[in-house]
1. Is there any pair with a first residue in the stretch B:82-100 that is closer than 23 Å to B:Ser128 by Cα and a second that is of a type in the set (Asp, Glu) and modelled with pLDDT of 95 or more whose Cβ atoms are under 6 Å apart and which are 6 or more apart or on different chains, and what are they?
2. Filter the stretch A:13-71 down to the residues that are surrounded by 16 or more Cβ atoms within 10 Å (Cβ to Cβ), over 17 Å from B:Ser34 (Cα atoms) and aliphatic (A, V, I, L, M), then identify the one that is farthest from the other protein chains (Cβ to nearest Cβ).
3. Restricted to the stretch B:23-54, and to residues that are within 8 Å of chain A (Cβ to nearest Cβ), part of a loop (DSSP other than H, G, I, E, B) and not charged (D, E, K, R), which residue is farthest from the chain's Cα centre (by Cα)?
4. For the subset of the stretch B:1-22 comprising residues that are farther than 18 Å from B:Ala70 by Cβ and within 19 Å of the chain's Cα centre (by Cα), which member is surrounded by the most Cβ atoms within 10 Å (Cβ to Cβ)?
5. Inside the stretch B:1-31, can you point out the residues that are of a type outside the set (Gly, Ala, Ser), within 30 Å of B:Ala77 (Cβ to Cβ) and touching a helix residue (DSSP H, G or I) at 6+ places or on another chain (Cβ under 6 Å)?
6. Being aliphatic (A, V, I, L, M) and part of a strand (DSSP E or B) is the filter here; which residues of the stretch A:112-145 pass it?
7. Tell me the residue from B:Glu68, B:Glu76, B:Glu88 that is facing chain A (nearest Cβ under 9 Å) and charged (D, E, K, R), please.
8. Give me the helices (runs of 4 or more DSSP H) completely within the stretch A:1-111, filtered to those with at least 1 residues that are closer than 24 Å to A:Val142 by Cα, ordered by residue number.
Amino acid sequence: MSEVSTRRAFSGVSVGETLPSKTVHIDRARLVQYAGASLDRNPIHWDERFAVKVGLPNVIAHGMFTMGAAVTIVTEWAGDAGAVVRYGTRFTKPVVVPYETGADVEFSATVTALNEDSRQATVEITALCGADKVLGRATALVQLG
Amino acid sequence: MPVNPEFAGRVYPPSAPYGVSAAKIKEFAEAVGSTDPVHTDRAIAQARGYRDVIAPPTFAVLIAQRSEMAFIFDPEAGVDFSRVVHGEQTFVHHRPLTAGDEIVGTLTVDSVKAAGGHTMIVTRTELSAGDEPVCTSLSTIVVRGGE
């Protein structure tokens, strides 16, 4: 079998390079979809009455949804969803998702380090909901071609 | 009841195997908005050198959380699930999760630390297919203290 590499070439990447950014609109339907797909059915992510009862301002997005949506800008840039060898983040602020308006999260990312020997790039991701940074130290290590 | 600090270092028995299916990968990829056809098109995945379609990087949470539940709902551990907040998450992928994998998770409670009325717990789940390590999932949960 001849393999076709779709991965971005390491030689063409430089520190400081910015990745194409993306804004994701989150509404209740999106959270229900993620709840089903991920099997995380905690009602704070879809039931406003429950969320308010436990002291939240409103329904909040799954942190893991935001983490999963954020890394798509990295995998799209890398050219292969299997290119991410390490990915971690802190969940710093919840994404509050009102019924009427939903929420928009803007993802951007920058290459912060390159390893010549392993041909890996370190990419730092920023996730903003309004003025709030909703992910902290979101960092992916990417195996390039 | 507070979280039992003696659980630091505890290793749970391996979970029952989880069968990674192409259908679940597709569903998860759509839910997070990952449009790479490597999640849905076996021929494309194989052309890139994978055995079958592969999962997005955060799919592993779905399997790791099954293992974490053994600890969170262990009556001796003293974790009040209604007060649990996800603080941090890291995945180390030894290779992508692939349709057809039968994955077993082994959970270790790395640390239990009290901090400002809250308890921070770090768990590590090693996901493997037979003897082959596939992914390490590190999760920090915060159990909020009572008011």
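The values are calculated or read from the model by the stated rules, or taken from the named source; none is laboratory data. Quick caveat: nothing in here was measured; it's all calculated off a predicted structure. So basically every Cβ, Gly included, is an ideal-geometry build from the backbone, and we count neighbours across all protein chains shown.
1. Sorted first by the residue in the stretch B:82-100, then by its partner, the pairs are B:Thr98/B:Asp52; B:Ala99/B:Asp52; B:Gly100/B:Asp52.
2. Checked the stretch A:13-71; the qualifying residue farthest from the other protein chains (Cβ to nearest Cβ) is A:Val13.
3. B:Gly49
4. In this case the residue turns out to be B:Val20.
5. Kept after step one, since they are of a type outside the set (Gly, Ala, Ser), are these residues of the stretch B:1-31: B:1-7, B:10-14, B:17-18, B:20, B:24-28, B:30.
Next, only the ones that are within 30 Å of B:Ala77 (Cβ to Cβ) stay: B:1-7, B:10-14, B:17-18, B:20, B:24, B:28.
Answer for the stretch B:1-31, where residues must be of a type outside the set (Gly, Ala, Ser), within 30 Å of B:Ala77 (Cβ to Cβ) and touching a helix residue (DSSP H, G or I) at 6+ places or on another chain (Cβ under 6 Å): B:Tyr12, B:Tyr18, B:Phe28.
6. First pass over the stretch A:112-145, keeping only residues aliphatic (A, V, I, L, M): A:113-114, A:121, A:123, A:125, A:127-128, A:131, A:134-135, A:138, A:140-142, A:144.
Result: A:Ala113, A:Leu114, A:Ala121, A:Val123, A:Ile125, A:Ala127, A:Leu128, A:Leu135, A:Ala138, A:Ala140, A:Leu141, A:Val142.
7. B:Glu88
8. Those helices (runs of 4 or more DSSP H) span A:28-38, A:63-70, A:72-78.
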